Amino acid sequence: MDTENLFVTVLPTGGLFLPVNMSTSGTPEGRLRKFKYRGKDAAMRRQQRIAVRLDLRKAKKDEQALKRRNITPLSPDPACEQQTKISLTLQEIINGVNASDPDVRFQATQAARKMLSRERNPPLKLIVEAGLIPRLVEFLKSSLHPCLQFEAAWVLTNIASGTSQQTRAVVEGGAIQPLVELLSSPHMTVCEQAVWALGNIAGDGPEFRDIVISSNVIPHLLTLVSSTIPITFLRNITWTLSNLCRNKNPYPCEKAVKQMLPVLSHLLWHQDSEVLSDTCWALSYLTDGCNDRIGQVVDIGVLPRLVELMTSSELNVLTPSLRTVGNIVTGTDHQTQVAIDAGMLSVLPQLLMHPKSSIQKEAAWALSNVAAGPCQHIQQLIACGMLPPLVALLKNGEFKVQKEAIWTVANFTTGGTVDQLIQLVHSGVLEPLVNLLTIQDLKIVLIILDIISFILQAADVLSEKENLCLLIEELGGVDRIEALQLHENHQVAQTALNILENHFCEEEENGVTLPALDQDPEFLKHLAKKYQSSATCKPRPKP
């Protein structure tokens with residue numbers, strides 16, 4: 001069927017189409033609250049873009065680790081390693097740690113470290129219940145015995161890598177301040193192990209993170225960052241800094257963020273992939289919030305580098321850099337434009353076609369927030385060739401990716417101009433949308449029906465509805481919409497019925513004309529105002 005004549009009429013008002021009331025009654029309120037619709041005044045939009053992040057971050061294999069246990073078989077410092085084939089029992093370790101002889105204390109602490117460093121089932125609970133933590137904290141203060149300090153810090157690191165209850169035992173045992181003081185140790189291995197322990201404590205959650213921050217840890221950590229330290233040490237420092245940026249409710253304090261941002265900006269240019277990964281994760285946590293927090297990161301000028309890292313072949317760098325840029329475009333229109341100016345739209349088409357569906361999903365989510373911006377953003381999206389890969393995802397992507405693509409189309413239809421809607425239809429978007437009407441996800445079915453209804457109303461205003469109806473019928477859309485009239489869900493059935501009555505039925509069998517969409521301009525303005533008053537703004541900050 002020839003679709004070239006579809007939407008050929010341009011409104012005399014300059015081509016802008018007033019967003020008539022896209023049926024939102026069937027769309028769940030929770031999703032709408034996370035959706036960046038257009039039409040509100042700027043202040044209202046910006047206020048409502050402070051939204052709940054989607055929980056993409058949890059239980060992901062490619063996520064950054066909250067805590068890390070040191071399972072290195074030997075101490076990095078040979079001077080601290082006493083090679084002995086004698087293994088101590090737990091009771092012998094308890095007795096040794098509480099002994100007065102420094103050598104016996106050291107051997108027992110080292111034995112405890114080895115016991116907790118084994119790959120599987122380390123007896124963290126037994127060590128905690130044995131009451132050894134207070135003694136281990138005392139050993140941290142033994143400046144004359146750096147090897148003992150090192151072993152004690154290692155044991156505490158591994159205990160803190162366990163459950164929240166075990167981490168709490170380390171904190172309540174008084175370990176934080178002595179560990180912070182060890183950051184000034186002249187012995188690098190001792191210092192590095194203290195960094196690791198503090199990273200585990202901070203990674204447990206906002207409560208302990210803030211206790212670590214309040215212990216003045218950040219200036220000490222920043223002092224350690226230099227080009228001369230071993231790369232393993234720098235990796236641990238970067239990871240610990242990222243844990244100090246992590247978690248919200250509450251977010252880390254503004255003072256701490258301002259202290260860390262300059263060094264994170266510096267580390268973003270490092271060549272090591274692990275340093276880059278943890279730096280990007282840190283920035284992703286700092287942008288996972290309100291516009292002011294996003295602005296703090298945008299203002300240090302890191303967006304061009306983040307976009308560059310979105311082209312990385314290493315997944316551990318690509319994932320958090322894409323996440324950070326995706327967070328930024330949930331902010332204000334200006335913040336989104338800065339990301340566009342940095343080149344994010346030139347990178348997204350390749351990411352939409354990435355072999356990993358998790359990357360496709362993140363890229364589609366970021367794109368949905370750009371599509372939710374003003375028509376200028378949508379035009380830049382089109383100019384960067386975003387529609388063909390978007391349609392390809394709707395046709396062939398995994399369902400979790402298709403859902404994000406559908407939200408992109410929904411945003412596009414509500415904020416685009418007439419010319420942009422023409423390009424959207426000509427891109428072939430209707431065919432996959434019609435095919436997706438058979439899925440079981442009611443929320444998504446309702447959104448697709450609303451998109452189709454919205455485009456039909458636009459075509460009606462342009463006197464092109466007949467052509468569009470023929471296209472939808474040819475694609476099998478009428479049959480699918482008719483089938484949805486019988487759906488067990490009332491909202492789905494009613495929305496489908498409304499589309500058929502308003503757009504596909506000229507007359508009833510008895511010759512009585514059905515109500516049609518009123519094309520009076522004043523009526524359309526009334527619908528637009530009604531829609532604007534019921535819709536909310538920027539999406540779902542975060543898939």
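The values are calculated or read from the model by the stated rules, or taken from the named source; none is laboratory data. Predicted, not measured: the structure shown is a model, and the values here were computed from it. Here the Cβ positions follow ideal geometry from the backbone for every residue, glycine too, while neighbour counts run over all protein chains shown. Ligands, DNA and RNA are stripped out before the accessible areas are found, and what is left, the full protein with its side chains, is counted by its heavy atoms. Shrake-Rupley method; radii C 1.70, N 1.55, O 1.52, S 1.80 Å.
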Task: Test set (1) farther than 24 Å from residue 223 by Cβ; (2) part of a loop (DSSP other than H, G, I, E, B) - residue 107 fails condition number - done: (2)
Task: Hits in segment 321-358 (condition: surrounded by fewer than 24 Cβ atoms within 10 Å (Cβ to Cβ), aliphatic (A, V, I, L, M) and within 24 Å of residue 290 (Cα to Cα)) - done: 338, 340, 342, 345
- [ ] Within segment 175-210, track down each residue that is open to solvent by 20 Å² or more (accessible area, probe 1.4 Å) and farther than 23 Å from residue 123 by Cα.
- [x] 177, 181, 184, 185, 186, 187, 188, 189, 192, 206, 207, 210
Open item on the list: Going by what's in this entry, would residue 62 be described as in a helix (DSSP H, G or I) and either touching a helix residue (DSSP H, G or I) at 6+ places or on another chain (Cβ under 7 Å) or at pLDDT 95 or above (or both)?
Closed with: no
Task: segment 454-464, residues that are within 22 Å of residue 493 (Cα to Cα) and open to solvent by 10 Å² or more (accessible area, probe 1.4 Å) - done: 457
Task: Qualifying residue in segment 414-430 (condition: crowded, with 17+ Cβ neighbours inside 10 Å and either touching a Ser or Thr at 6+ places or on another chain (Cβ under 6 Å) or of a type in the set (Asp, Glu) (or both)) - done: no
Open item on the list: Condition (residue is within 30 Å of residue 468 (Cβ to Cβ), among the aromatic types (Phe, Trp, Tyr) and crowded, with 24+ Cβ neighbours inside 10 Å) applied to segment 380-399: is it met by at least one residue?
Closed with: no
Task: Number of positions in segment 114-130 that are under 20 Å from residue 148 (Cα atoms), assigned to a loop (DSSP other than H, G, I, E, B) and open to solvent by 40 Å² or more (accessible area, probe 1.4 Å) - done: 1
Task: Flag if residue 283 is within 21 Å of residue 237 (Cα to Cα) and crowded, with 21+ Cβ neighbours inside 10 Å - done: yes
Task: Of residues in segment 135-174 being part of a helix (DSSP H, G or I), small (Gly, Ala, Ser) and over 16 Å from residue 192 (Cβ atoms), the one most open to solvent (accessible area, probe 1.4 Å) - done: 164
TODO: Look at residue 369 and say whether it is open to solvent by 10 Å² or more (accessible area, probe 1.4 Å) and at pLDDT 95 or above.
DONE: no
